[in-house]
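Below is one structure; the comments refer to it alone.
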Amino acid sequence: MACFSFHPRKVLTTGDGGMLTTNDPKLDRQFRLWRQHGMGLTDLARHAASTVIFEEYLTTGYNYRMTDIQAAIGLEQLKKLAGMVVKRRHIAARYQELLCDVSGLDLPFAPASAKTNWQSYPVRLAASAGQSQRNLMQLLQNKGVACRRGIMNAHQEPPYSQAGWRLPHSETSRDQVVLLPLFCGLDEESQLQVARAVREVCAS
Ligand SMILES: *Cc1c(COP(=O)(O)O)cnc(C)c1O
């Protein structure tokens, strides 16, 4: 079973929503029931029938439906997926060239056993950088470069913070990682501008 997000920041987006895939027919059936109020017949089956048939509600369900309009967008996006991933890999490789000698900045790398689609381009501020994440982000924003912090940690947010978990590597990652702009429409000139801004801010 696999789970995909089509949130706007993902490689493939439908505006929002997501998808589950499975090769287990029982799970497939269960998910389809949960998705649409536990309805035992699809709308399509009912509308296509030449005799009047009524659906049953076989289980407690929800409304997790994606709209047909989103699905149509998703199908078109899917045709472009391979090309979009090539583009993202190209942009990531270019960042690597442009930023590899910036001191205080650790660049991401993919181990030989894995290949990333570069949903994001995370750079890490080395502890020796003497630059805080927030400060770096503000200085970049002042130069017109939008970036985001790295992934947040559930255990540091209010619903879980009382539980007293300690995950030191996750915690330092949260506080040291900044995501640089990476999207299919990022052209060479804009990427150079981003790299220049990062270089200037790290040198300051
Ligand atoms: C993917 C992602 C989301 C959206 O995830 P959903 O499961 O679609 O809600 C939000 N924030 C970040 C940082 C993400 O990478």
### Query
So residue 50 clears everything in (1) open to solvent by less than 100 Å² (accessible area, probe 1.4 Å); (2) over 20 Å from the mean Cα position of the chain (by Cα) except one condition, right? Which one?
(1)
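Take residue 174 and decide whether it is open to solvent by 70 Å² or more (accessible area, probe 1.4 Å), over 30 Å from residue 82 (Cβ atoms) and not aromatic (Phe, Trp, Tyr).
Details: open to solvent by 70 Å² or more (accessible area, probe 1.4 Å): no; over 30 Å from residue 82 (Cβ atoms): yes; not aromatic (Phe, Trp, Tyr): yes.
No.
Got a number for residues in the stretch 164-182 being out of contact with any Cys (no Cβ under 8 Å at 6 or more places or on another chain) and in contact (Cβ under 8 Å) with a residue 60 or more places away in the chain? Walk me through how you get there before you give the answer.
At the first step, the residues of the stretch 164-182 found to be out of contact with any Cys (no Cβ under 8 Å at 6 or more places or on another chain) are 164-177, 182.
Next cut, in contact (Cβ under 8 Å) with a residue 60 or more places away in the chain only: 182.
The number of residues fulfilling the criteria is 1.
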### Query
Taking helices (runs of 4 or more DSSP H) that do not extend beyond the stretch 1-109, which have at least 2 residues that are at pLDDT 95 or above, within 30 Å of residue 199 (Cα to Cα) and in the same structural domain as residue 188 (by TED's automatic domain parsing)?
68-99
### Query
Restricting attention to the stretch 19-59, and to residues there that are of a type outside the set (Phe, Trp, Tyr) and within 16 Å of the ligand (Cβ to nearest atom), which single residue is nearest to residue 81 (Cα to Cα)?
19
### Task
Might you check whether a residue that is exposed (fewer than 12 other Cβ atoms within 10 Å of the Cβ) and within 21 Å of residue 189 (Cα to Cα) occurs anywhere in the stretch 101-116?
yes
### Filtered residue count, the stretch 137-183, keeping only those that are within 15 Å of the ligand (Cβ to nearest atom) and not in a helix (DSSP H, G or I)
16
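Among the candidates 28, 68, single out the residue that is of a type outside the set (A, V, I, L, M, F, W, C) and either open to solvent by 90 Å² or more (accessible area, probe 1.4 Å) or out of contact with any Ser or Thr (no Cβ under 8 Å at 6 or more places or on another chain) (or both).
It is 68.
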### Message
Against the condition touching a Ser or Thr at 6+ places or on another chain (Cβ under 9 Å) and closer than 30 Å to residue 116 by Cα, how does residue 101 come out, does it pass?
### Response
no
#### Entry: Residue within the stretch 1-18 that is more than 16 Å from the ligand (Cβ to nearest atom), without any contact (Cβ under 8 Å) to a residue 24 or more places away in the chain and surrounded by 10 or more Cβ atoms within 10 Å (Cβ to Cβ) present
no
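The values are calculated or read from the model by the stated rules, or taken from the named source; none is laboratory data. Small disclaimer: the values here were computed from a predicted structure and weren't measured. Cβ: placed from backbone, ideal geometry, glycine included. Neighbour counts: every protein chain shown. Please note that ligands, DNA and RNA were not included when accessible areas were found on the heavy atoms of the full protein model with its side chains. Shrake-Rupley method; radii C 1.70, N 1.55, O 1.52, S 1.80 Å.
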